[in-house]
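Inspection log for the structure reproduced underneath, given as structure tokens.
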Ligand code: GLA
């Protein structure tokens, strides 16, 4: 019998009435040295539970290999939650959405366009089962049945928004049960339309995902499930941002009023997010409804605990609301963490991106996609030559046409000179270019900006996506260089910078001194677009398009003494300087 059971209108934990007061906290979005701090702050806000997804794509980077190290040490996260007296809701997927690269589905699986994702296609369910065979044994000791903190496990994620393959959901239920999961299972779905019906499973608790219209949403949940606890499995108290879009915020008083409504109705809740954290490295996903829109690096989410772990206005407001319904710990609200004093970093050394090309895969015909090249995330450089300087009306000019579009952003160079950019976001397919000479070298550097994590376009490939023509003539014969950048870019062939500005894709390196490590925020005014690392830790992507203007640097990434900053700038910089600031700038909120 599971530790958590349901009655006609509530939960029992070990036979005692229990209301789940949970907050989402994804361990993979928080530096592992900060897990305890964030968990403690969840407890001090009055929560009794935390919820986390499990990203399949990080845990099984290649088929058959399970990674539970460092940021992925889920057993350790569960132990720390337990030590704080928190229960855990576990959402192992296989699909997690979460604005996470590919919604957590591994690219080595989605790279095969014939696999029918999130269905009972055996090629999908076999891969899921092999993953669960790896993942679950080390987690079983942390289930409530074994005395651990995990009291419930989610099946799939908002499946009603995607499909209606009931056999697939049943398969997942059986897969969890046959591998030893005895805890309460639940599904979660939006409460509109027929999502709750399509995403539900007979005998499995249905929960809702919503952020407002609490009474209506709870009524719909009750309609779909006449008996059992009412639970909002994702109470959206903020939102995420896309590059080039507005920075989202939600008024704390408004969110608190809805939390109060939920609790007054006797419902259980998982606040999404309690602490959003960061899409470090290349882990952010993308949406594609009318157009492709990639998600930014910060996952601050306007959550109660800000990206750097400081209590924000919602922390105080939610604690007050929770205190109206149950006892909250008497300890005072934690203070903001110390911040590093502002520092200017001189980036004194450079290494051209093209100097670190890996070996090419030659395609005699059309260019290969990034997925065909086995490239999960990052860049591919495609190289060929243009036989003529063009045949159109303007002498020396021709039209490049990328028939399948680009995934997701292509920088075009002719004989090394920047010639233009094509973006999937804008459905770009053509680029007029001036060709300096017959036989000019065409380089196309394509960046994967994040794999779609919601809707029917999950699994869509990256790189160059079809034939390329020049003035109507097919360009065949391509050297395709995947650029899986080294883990520690500090080891690249750097040379002293000779000019203050730079207009080519390049790595820039500088050092700075720190007395006592503390949180800080990296600002790159005058820079355009790229990624940054400190002491080899991948902070994520930056882009002057905003809204995000600073990257969070967790204190544990720094050390007392000399530290190293490496920036990969894809376009150009007007200055060789970066700033470490003492406050985040995630962009202006819409008025
Ligand atoms: C849905 C998904 C979550 C997340 C939110 C939006 O509810 O289930 O994973 O994507 O939307 O942040």
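Applying the criterion of being assigned to a helix (DSSP H, G or I) and touching a strand residue (DSSP E or B) at 6+ places or on another chain (Cβ under 9 Å) to the residues of region 255-276, the residue that is farthest from residue 20 (Cα to Cα) is 255. Taking the conditions (1) in contact with a strand residue (DSSP E or B) (Cβ under 7 Å, 6 or more places away or on another chain); (2) within 16 Å of the ligand (Cβ to nearest atom); (3) under 30 Å from residue 462 (Cα atoms) in turn, residue 304 satisfies each one other than (3).
Between 117, 185, 140, which is assigned to a helix (DSSP H, G or I), farther than 28 Å from residue 300 by Cα and either within 15 Å of the ligand (Cβ to nearest atom) or touching a helix residue (DSSP H, G or I) at 6+ places or on another chain (Cβ under 8 Å) (or both)?
Values: 117 fails: assigned to a helix (DSSP H, G or I); 185 fails: assigned to a helix (DSSP H, G or I).
None of the other options fit; the residue is 140.
Among the listed residues 210, 274, 280, which satisfies the condition of being surrounded by fewer than 24 Cβ atoms within 10 Å (Cβ to Cβ) and within 23 Å of residue 72 (Cβ to Cβ)? Testing whether each residue is surrounded by fewer than 24 Cβ atoms within 10 Å (Cβ to Cβ) and within 23 Å of residue 72 (Cβ to Cβ) leaves just 280.
Among the residues of region 364-391, which ones are assigned to a strand (DSSP E or B) and surrounded by fewer than 17 Cβ atoms within 10 Å (Cβ to Cβ)?
The answer is 385, and nothing else.
Candidates are the residues of region 55-70 that are surrounded by fewer than 21 Cβ atoms within 10 Å (Cβ to Cβ) and not in a loop (DSSP other than H, G, I, E, B); the one that is nearest to the ligand (Cβ to nearest atom) is 58.
Tell me yes or no: at least one residue of region 573-580 is assigned to a strand (DSSP E or B) and surrounded by fewer than 21 Cβ atoms within 10 Å (Cβ to Cβ). Within region 573-580, one or more residues are assigned to a strand (DSSP E or B) and surrounded by fewer than 21 Cβ atoms within 10 Å (Cβ to Cβ).
Across region 146-172, the qualifying residues are those that are more than 11 Å from the ligand (Cβ to nearest atom) and part of a loop (DSSP other than H, G, I, E, B), and the one among them that is nearest to the chain's Cα centre (by Cα) is 155. Residue pairs whose Cβ atoms lie under 7 Å apart, sitting 6 or more positions apart in sequence or on different chains, and linking a residue in region 118-144 that is free of Cβ contacts under 8 Å to residues at least 24 places away in the same chain to a partner that is surrounded by 17 or more Cβ atoms within 10 Å (Cβ to Cβ) and part of a helix (DSSP H, G or I), do not occur here. With respect to residue 93, determine if the residue is more than 28 Å from residue 519 (Cβ to Cβ) and outside any helix (DSSP H, G or I). Spelling it out, residue 93 is indeed more than 28 Å from residue 519 (Cβ to Cβ) and outside any helix (DSSP H, G or I). Restricting attention to region 188-203 and to residues that are buried (at least 17 other Cβ atoms within 10 Å of the Cβ) and closer than 25 Å to residue 143 by Cβ, the residue that is nearest to the ligand (Cβ to nearest atom) turns out to be 188. A single member of 113, 149, 137 is over 21 Å from residue 459 (Cβ atoms) and surrounded by fewer than 20 Cβ atoms within 10 Å (Cβ to Cβ), and it is 137. In region 230-244, the qualifying residues are those that are part of a loop (DSSP other than H, G, I, E, B) and more than 15 Å from residue 215 (Cα to Cα), and the one that is farthest from the ligand (Cβ to nearest atom) is 244.
Annotation: residue 425 fulfils all but one of (1) at pLDDT 95 or above; (2) within 27 Å of the chain's Cα centre (by Cα); (3) surrounded by fewer than 22 Cβ atoms within 10 Å (Cβ to Cβ); (4) part of a loop (DSSP other than H, G, I, E, B); the unmet one is (4). Here is the figure for region 87-114: residues that are out of contact with any helix residue (DSSP H, G or I) (no Cβ under 6 Å at 6 or more places or on another chain), under 23 Å from residue 149 (Cβ atoms) and away from the ligand (no atom under 16 Å from the Cβ) total 1.
The values are calculated or read from the model by the stated rules, or taken from the named source; none is laboratory data. Everything numeric here is computed off the predicted structure, so don't read it as measured data. Because the Cβ atoms are built from the backbone with ideal geometry, glycine has one as well, and the counts that use them run over all protein chains shown.
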